[in-house]
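Enquirer: Pasting a structure here, questions to come.
Readers should treat all values here as calculations from the given coordinates under stated rules, not as data from a laboratory. Note that this is a predicted model, so its numbers are computed, not measured. We place every Cβ from the backbone using ideal geometry, glycine too, and count neighbours over all the protein chains shown.
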Amino acid sequence: MCAVRNLIGSSVATGAKLLGMDGSLGIFFVFPDLSIRKDGEYRFREMGELMRTSAPIKARAFSEPFKVYSAKQFPGMIESTQLSKHFAKQGVKIPVRKETGKASMGGEDDDWH
């Protein structure tokens, strides 16, 4: 039986020195092209476990649960998060939506920064 990868895109990112939402400087790892192949509910676990290092892990991070829709059930694009917009303003190359709406991907509501 052949295993099928459910996570598509680059799972490797270089840390970017950015200002967080609270204005403090931090190192952030941005994965703008990750997608999930199968619909369902998921949450991301910290990617730090993939790193080979002798340093002890001081904390663990998990995302909030999020839903992945099939093409038939997809309700349409939503507005980009404030964090995405904040990082895009600092030069991170990620797509951000200016406002909510059901415009098609790559439409006039989209803006790549």
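Enquirer: Quickly rank 78-91, 58-71, 30-43 as a protection proxy: mean count of other C-beta atoms within 10 Å, highest first.
Expert: Working: 78-91: 14.6, 58-71: 8.9, 30-43: 12.4.
Peptide ranking by packing, descending: 78-91, 30-43, 58-71.
Enquirer: So what's the net charge close to Pro65: Lys and Arg +1, Asp and Glu -1, counting the other residues with Cβ under 13 Å from its Cβ? Spell out each step's value before the answer.
Expert: Working: positive: Arg43, Arg45, Lys67; negative: Glu41, Glu64.
Charge balance near Pro65 sits at +1.
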